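The structure appears right after this line, and notes come after that.
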Amino acid sequence: MPLIAFVSPKGGVGKTTIAANVAALLAARGHEVLGLDLDPQNALRVHLGMPVREEAGFVAELDSSLAWPAALRHTPYNVALLPHGEVEPRRALELTRLLMDRPEALADPVREMLADPHRLLIVDSPPGPSPALSAIMPLIDLSVVVLLADGGSASLIPQIADGRFLGRGTLAMRAAERAVLVLNQVELHAPLSTAVLDCAEATMGARLLGVVARDPGVAEALADRRLPVEVPGSRAAEDLSLLAEGILGRLTLPSATPTAGHSVLTHWGLRR
Ligand SMILES: Nc1ncnc2c1ncn2[C@@H]1O[C@H](COP(=O)(O)OP(=O)(O)O)[C@@H](O)[C@H]1O
Ligand SMILES: [Mg+2]
């Protein structure tokens, strides 16, 4: 516990970059962090300094008898990692079908991962809706929705605010209440960037959890096998640290933890 998922209706917005940096920052503060990559792009391992030639992973083997602890890798950032694993496009479609038919194939092991009260689970996800994300949706304590400060992203902010991007009905609304927004690649003095930031502030209020500056050092850091937060003077690094703090702050909010009452639920074995 708890589970923090980095999600977005869009791709290429910085989900993996931000997930990797937040995971490393929280591990550096002494938290036990487990990264789980649900995206067939299999990129979280690269950000966390794993050798590219290591192609094995967890989701890629979901229909085998491989138990998740056997798929665990240790990264230089003290983040334990379950990489997605390399998959051919055909195999990715097979996994999609598997997760649509049997969401518990993913939800059950994720529940086991969350059974350790000291473990923080950071999930990187593919863009848009996916059966993998749907499978773990009820288990998510905080969805960090990442968007860019551009027109395409701005048009999606109302859907983030009312939860439509997660689906319809009460279950999606419940998940939406646990969603916060992060605007990435913000340029403080660029008119479009600031206009989108104003809209996000007005629409999301306190649920605009963070803003990360556009910083060419972010892509350069990856090419140098480093994280932006390790690069002295990186403009994005300070924003990423503040975001990690904001995420920790959100997790202590009462809505993110079970309510104290209704003890009979514990008595019946329905709640730890
Ligand atoms: N704050 C930033 N400033 C500049 N470039 C960024 C920033 N955040 C991410 N990027 C770049 O944007 C691209 C997409 O990031 P990525 O994390 O792979 O997005 P996603 O996981 O949403 O597809 C990468 O090339 C990354 O280096
Ligand atoms: Mg990604």
### Query
Within the stretch 1-88, which trypsin sites (Lys or Arg not before Pro) sit in a loop by DSSP and count at most 14 neighbouring Cβ atoms inside 10 Å?
R29, R53
### Query
How much of the DSSP beta bridge set in the chain is antiparallel, as a percent to the nearest 5?
5
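Please report the orientation-averaged projected area of the stretch 1-138, defined via the convex hull of its C-alpha atoms, in nm². Provide the component values of the computation, followed by the final result.
Numbers: hull surface 30.2 nm².
Its Cα hull, projected and averaged over all orientations, spans 7.5 nm².
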### Task
Using Cα pairs closer than 8 Å and at least 6 residues apart in sequence, work out the relative contact order for the chain, in percent.
22
### Task
For the stretch 82-114, state which GluC sites (Glu not before Pro) are in a DSSP loop and have at most 11 other beta carbons lying within 10 Å of their beta carbon.
none
### Query
To the nearest whole percent, what portion of all C-alpha pairs in the chain is separated by more than 36 angstrom?
11
## Note on the structure
In a Gaussian network model of the chain with springs linking alpha carbons closer than 10 Å, the residue among V144, V59, V46 that fluctuates most is V46
### Query
Which order do L188, L98 fall in if you start with the one that has the fewest other Cβ atoms within 10 Å?
L188, L98
### Task
Averaged over every viewing direction, what's the projected area of the C-alpha convex hull for the stretch 87-219? Give it in nm², one decimal, please.
10.2
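Throughout, read-outs are computed from the coordinates displayed, never taken from laboratory work. This one's a predicted model, so the numbers in the text were calculated from it and none came from an experiment. Cβ: placed from backbone, ideal geometry, glycine included. Neighbour counts: every protein chain shown.
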